[in-house]
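Input: a single structure, listed below in structure tokens.
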Amino acid sequence: MALAAAVVVLLLSSCAAPRLPRAEDYVRSCTADGDCAVVALGLPCAVCAACPDAAIKTASVTEATADYLAAWEQCAPKSQVSCGPCPTPSGAVCSGGTCALST
């Protein structure tokens, strides 16, 4: 019985939702608008392709993109479609020393 319970726990843990990357996971400090970039981080398992939804330091974009793709790899099914145009943020700005989306 203990073995069966262990198997169930392993199976359930392998079905866990992927960890979602968040802007707070990356460097967001800045001194100028050029230090910041817009990235898509949230909802890698959504049916629609990801839309830009966060601003982080430009130097962190490669890491954030890799983390997003790693989370997406855990999704099923692995196909995304375009659901229309994304609401486009105006860009990323440095606001009070932190990267933020401009409105």
Inset, instruction - Taking amide H positions as placed in the peptide plane 1.01 Å from N, state which residues far from GLY91 in sequence (5 or more) or on other chains have amide H under 5 Å from it. - result: SER102
Inset, instruction - Mind sorting LEU20, LEU69 by how few other Cβ atoms lie within 10 Å of their own Cβ, fewest first? - result: LEU69, LEU20
Legend entry - Three-way shape label, the range 21-102, alpha-carbon gyration tensor, a/c 1.5: oblate
Legend entry - For the range 59-66, Karplus couplings with θ = phi - 60° (6.51, -1.76, 1.60), whole Hz, Gly/Pro x: 5, 9, 4, 4, 5, 5, 5, 5
Legend entry - Distant-in-sequence amide H partners of ALA54 (H built 1.01 Å from N, under 5 Å): VAL39, LEU41
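Report, in debye and to the nearest 20, how large the dipole of the range 21-102 comes out about its Cα centre when Lys and Arg carry +1 and Asp and Glu carry -1 on their Cβ. It would help to have the intermediate numbers written out before the result.
Values: 4 positive and 8 negative charges, 27 e Å.
My answer is approximately 120 debye.
Every number in this text was worked out from the coordinates using simple rules, so none of it is lab data. What you are looking at is a predicted structure, and each value in this text was computed from that prediction instead of being measured. No Cβ is skipped: glycine too gets one built from the backbone with ideal geometry, and neighbour counts run over all protein chains shown.
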